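The values are calculated or read from the model by the stated rules, or taken from the named source; none is laboratory data. All of these numbers come straight from a predicted model, not from anything done at the bench. Just the protein is used for accessible areas: all its heavy atoms, side chains included, with ligands, DNA and RNA removed. Shrake-Rupley method; radii C 1.70, N 1.55, O 1.52, S 1.80 Å.
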Amino acid sequence: MNQVTIRTEYIKLDQFLKLADCIPTGGMAKALLQEGLVRVNKEPEERRGRKLYPGDIVEVDGEGTFEVAAE
């Protein structure tokens, strides 16, 4: 599992996917989410604006599993 460190209280899912290098641009998050390729804490997620907090686990099919970590 890869850890992705954030410097704020939370990060939105689309921004997180870009920070974790799962997508090259934030705009591509919509397609990835609509295809059902993303799970947050083992639950399917389709909302780009979903707030992620330290300790949340994001799974992206074909990319891996990432943990949100505080700085």
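Amide H contacts under 5 Å for D56: V68, restricted to partners 5 or more places along the chain or on a different chain, H placed in the peptide plane at 1.01 Å from N. Taking θ as phi - 60° and the Karplus parameters 6.51, -1.76 and 1.60, the scalar couplings of segment 45-61 work out to 10, 10, 8, 5, x, 3, 7, 10, 10, x, x, 5, 10, 10, 10, 10, 4 Hz in sequence order, x denoting glycine and proline.
Computed with a 1.4 Å probe over protein heavy atoms only, the accessible area of D56 comes to about 30 Å². On a per residue basis, the chain carries 63 Å² of accessible surface, using protein heavy atoms and a 1.4 Å probe.
Note that segment 32-43 has calculated 3J(HN,Hα) couplings of 4, 6, 5, 7, x, 9, 10, 10, 10, 6, 6, 10 Hz, one per residue in order, obtained from phi through the Karplus relation 6.51 cos²θ - 1.76 cosθ + 1.60 (θ = phi - 60°); glycine and proline are x.
3J(HN,Hα) along segment 13-30, derived from phi through the Karplus expression 6.51 cos²θ - 1.76 cosθ + 1.60 where θ = phi - 60°, amounts to 4, 5, 5, 5, 4, 6, 4, 7, 6, 7, 9, x, 9, x, x, 6, 4, 4 Hz, with x in place of Gly and Pro.
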